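A.B. asks: Got a structure for you, written out below as structure tokens; questions coming shortly.
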Amino acid sequence: MVGLEKESLRVNSEGKISQTPHPQQLGSALTHPYITTDYSEALLEFITPPFHEAGEALGFLRDLQQFVYTRLDNELLWATSMPCVVAGESSIPIAYFGESNVGRMKSVYRHGLGHRYGRVMQVIAGVHFNYSYSDAFWQGLQQLEGDDRPLQDFISERYFGLLRNLLRVGWLIPYLFGASPAVCKSFLNGKENTLHSFDDYTYFEPYATSLRMGDIGYQNNKENETGIKADYSSLQGYVASLTNAINTPCPVYKKIGVKVDGEYRQLNANILQIENEYYSTVRPKQLLQGNEKPSLALKRRGVRYIELRSLDVNAFDPLGINESQLHFLEALLLYCLFADSPPISAIERVEIDQNEMRVAHRGREPGLNLMRCGTAVALKQWAGEICEAMAPVCELLDSNTARRPYQQALARQRRAVENPDLTPSARMLAEMRSSKESFFEFARRKSLEYQWHFAELPIAREQEQMLTEMAERSLRKQAEIEAADDMGFDEYLQQYFSQS
């Protein structure tokens, strides 16, 4: 099953972050299942349900974005991961979810992120790829392997093997799909950095693929200070490591204060406020029941699906991602599922982090080496080996279709391995040079282009009616939640964190 989550920053006609509230016509950001906000009131998040086919998920994502565009008042959906015209921290409005306890908790959590990491980092947009295998698949695999454990234990163990391998080869995703090699100078707001000047308004790195995934982007860059590192050896180890981080006080965050002059600055002063604060590139996930903690959901019912979080918004596609990318990712995940997956040692964990950072900042550099099991290996060689190993997987996935979409997707990415100029990051810089555009000018041009794209699409009346009704229903549901609250916020937080 394939599901997508795509973030898009609302900006005004000048490209500045919107200061207007989440449009009421879109429904409640608290209760709408498909259209919500992420960190900022201006950072829209589109969520598709799971579908059997990648094309179905993309079709739903298209309908969501078209629906939103018909209800925006002279605003654009920014077409890139990195924002522009950031006028300091105060220009980034934190998302508001109403006055219910659950809504206040969401907002306080975001205030905490702002105090801990700064608001600017939180308006970087990305795409999340959610993927799962059917119960019939798992039952057949377990029977084939002669495993007699409870099915969910088998499923969780195999998902964690997949996750470990995806961490090992995860650098390939920013290399192939990274689309943030440049950033507006306003994003760094005068802070010292090692980036190069592309022009008066733009920083870049000549061989960067994804500055979003680098040390200026969406990562827990305070890990060395706080000591959090999730344990991917098993479901039990993962849950225990995050639970420990949520329950362990952090002196750095204690200085911020939790409740100051009657106002919450963060949910707590611990290493993590909640599980979502851990910015891993991949996460095991389980559907939540009510206000259940994510770690408890995993502990009780095991892994339901995995969430891949390292995809930049594809600036060369109106949807921010395309079917070829999704087919490649499906094949990569299946390869990761069946490849050997020993535990990740402390040394390998360092290699994984260093490889990711190296590719984010220098991925297209000729002759770039990565580290694998203590040995330097050329990125091009390693990427070629992965693609070669994926070939039979793609043949298998294409066995019931004459179109061969998986093999075509693999061939396309093989060409990008051989020629880095074909990657989105290289194409972006090449367009900026040929058009003599700053990053802002490039991103605004693409945003306007996609605004027209959605305006020209025929409206799917059934989908529009469904989303209109869902928006209205979500507003009623938020009002019901607010009316049903029967305890103070302090007590609500205490009950939430005392779940066990």
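Every number in this text was worked out from the coordinates using simple rules, so none of it is lab data. Computed from a prediction, not measured in an experiment: that's the story for all the values here. Methodologically, a virtual Cβ is constructed for each residue, glycine included, from the backbone with ideal geometry; neighbour enumeration extends over all protein chains shown.
A.B. asks: Contour minus end-to-end for residue 196 and residue 412, with contour as 0.36 nm per residue of separation and end-to-end as the Cα-Cα distance?
C.D. replies: Fully extending the segment from residue 196 to residue 412 adds 74.7 nm.
A.B. asks: OK, next. Report the extension gain between residue 448 and residue 401 in nm, rounded to one decimal, defined as 0.36 nm multiplied by the number of residues separating them, less their alpha carbon distance.
C.D. replies: 13.3 nm
A.B. asks: What relative contact order, as a whole-number percentage, does the stretch 68-179 give when Cα pairs under 8 Å and 6 or more residues apart are counted?
C.D. replies: Relative contact order for the stretch 68-179 comes out at 22 percent.
A.B. asks: Any idea what the relative contact order of the stretch 252-397 is, in percent, if you count C-alpha pairs under 8 Å spaced at least 6 apart?
C.D. replies: Relative contact order for the stretch 252-397 comes out at 13 percent.
A.B. asks: If you don't mind, there's one more thing I want to ask. What ³J(HN,Hα) values, in whole Hz, does the Karplus curve 6.51 cos²θ - 1.76 cosθ + 1.60 give for the stretch 199-206 when θ = phi - 60°, with x put for Gly and Pro?
C.D. replies: For the stretch 199-206, the Karplus-derived couplings read 7, 5, 10, 10, 9, 7, 10, x Hz, x marking Gly and Pro.
A.B. asks: Based solely on its DSSP helices, what 222 nm [θ] is calculated for the chain when runs of n ≥ 4 H residues each add -39,500 (n - 2.57) and the sum is averaged over all residues, nearest 500 deg cm²/dmol?
C.D. replies: Rounded to the nearest 500, it is -14500 deg cm²/dmol.
A.B. asks: Would you mind pulling out the separation of the Cα centroids of the stretch 152-184 and the stretch 477-500, in Å?
C.D. replies: One Cα centre to the other: 35 Å.
A.B. asks: Mind pulling up the Rg/Rh value for the stretch 41-83? Radius of gyration and Kirkwood radius, both on Cα.
C.D. replies: Taking Rg over the Kirkwood Rh, I get 1.01.
A.B. asks: Beta carbons within 10 angstrom, averaged per residue: use that to sort the peptides 255-265, 236-246, highest first.
C.D. replies: Averaged packing, sorted descending, gives the order 236-246, 255-265.
A.B. asks: Something else now. Label-point separation (nm) for residue 151 and residue 87, each offset 7 Å from Cα along Cα-to-Cβ?
C.D. replies: Placing both labels 7 Å beyond Cα along the Cβ direction yields 5.7 nm.
A.B. asks: So if we plug the beta-carbon distance of residue 464 and residue 323 into 1/(1 + (r/R0)^6) with R0 = 25 Å, what FRET efficiency do we get, rounded to 0.05?
C.D. replies: 0.60
A.B. asks: By per-residue mean of other Cβ atoms within 10 Å, what is the highest-first order of 397-404, 47-54?
C.D. replies: 47-54, 397-404
A.B. asks: Also: Could you work out the relative contact order of the stretch 261-329? I mean the mean sequence separation of Cα pairs under 8 Å and 6+ apart, divided by the number of residues, in percent.
C.D. replies: Rounded, it is 25 percent for the stretch 261-329.
A.B. asks: Taking the Cβ of residue 53 as the centre, find all other residues whose Cβ is under 13 Å away and add up their charges (Lys, Arg: +1; Asp, Glu: -1).
C.D. replies: Every neighbour counted, the sum reads -2.
A.B. asks: About its Cα centre, how strong a charge dipole does the chain have in debye, to the nearest 20, once Lys and Arg get +1 and Asp and Glu get -1 at the Cβ?
C.D. replies: Computed charge dipole of the chain: roughly 740 debye.
A.B. asks: Mind ranking 20-30, 192-202 by how tightly packed they are, going by the mean number of other C-beta atoms within 10 angstrom, highest first?
C.D. replies: Ranking, from highest mean packing down: 20-30, 192-202.
A.B. asks: Same structure again: How much FRET efficiency would the formula 1/(1 + (r/R0)^6) give for residue 135 and residue 70, where r is the Cβ-Cβ distance and R0 is 35 Å, rounded to 0.05?
C.D. replies: In this case the efficiency is close to 0.35.
A.B. asks: Within the stretch 91-108, name every residue whose backbone N is under 11 Å away from a label modeled 7 Å from Cα of residue 496 along the Cβ vector.
C.D. replies: 100-108, by backbone N distance to the label point.
A.B. asks: Taking a threshold of 19 Å on the Cα-Cα distance, which of the pairs 6/285; 191/255; 259/299; 106/259; 16/185; 6/380 fall above it?
C.D. replies: Over 19 Å apart, Cα to Cα: 191/255; 259/299; 6/380.
A.B. asks: Sum up the charges of everything whose Cβ sits under 13 Å from the Cβ of residue 317, counting Lys and Arg as +1 and Asp and Glu as -1, but leave residue 317 out.
C.D. replies: After counting each charged neighbour, the total is +1.
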